[in-house]
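The values are calculated or read from the model by the stated rules, or taken from the named source; none is laboratory data. Since the model is a prediction, treat every value here as computed from it, not as a measurement. For neighbour counting, all protein chains shown are included, and Cβ atoms are generated from backbone atoms with ideal geometry for every residue, glycine included.
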Amino acid sequence: MAYDEQLAERIRGALAGRDDVDERKMFGGIAFLVSGNMAVGVRGDEMMVRVDPEDSDELIAAEEGAGLMKMGARTMKGWLGVSGEAVAEDGDLKRWVARGEEFAASLPPK
């Protein structure tokens, strides 16, 4: 599955100030890891954001274009898909990237 390279490039820009970011091809797209933990990524034209599972329902209710990511037949709290339209503006993209960064940075480094 191809992924939106333009969206990936925008995420790279939002993460450019960190020296602990790695990129990996994952989930049929690309993932950005902070200290070895996935923070955000792109699959198709959708942004993947890793958040605290306890915050999933609240974020989905408050943010248009956000929903639980589907991994095969499963959906998993803590893994949100955010539509490309919902991150079309730089401020929205940076806000979602910051959420993923914050959660990934809260985990033990790998």
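At a glance:
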quantity: Residue count, the stretch 62-105 (criterion: touching a residue at least 40 places away in the same chain (Cβ under 8 Å) and either in a strand (DSSP E or B) or among the polar types (S, T, N, Q) (or both)); calculated: 1
quantity: Search result, residues across the stretch 6-54 that are free of Cβ contacts under 8 Å to residues at least 12 places away in the same chain, within 21 Å of Gly91 (Cα to Cα) and of a type in the set (Asp, Glu); calculated: Glu9
quantity: Boolean, Ala86 is under 16 Å from Leu7 (Cα atoms), more than 10 Å from the chain's Cα centre (by Cα), surrounded by 17 or more Cβ atoms within 10 Å (Cβ to Cβ) and modelled with pLDDT of 95 or more; calculated: yes
quantity: Matching entry among Leu59, Leu33 (being in a strand (DSSP E or B), surrounded by 14 or more Cβ atoms within 10 Å (Cβ to Cβ), among the hydrophobic types (A, V, I, L, M, F, W, C) and at pLDDT 95 or above); calculated: Leu33
quantity: Counted residues, the stretch 69-91 - those being out of contact with any Asp or Glu (no Cβ under 9 Å at 6 or more places or on another chain) and of a type outside the set (A, V, I, L, M, F, W, C); calculated: 7
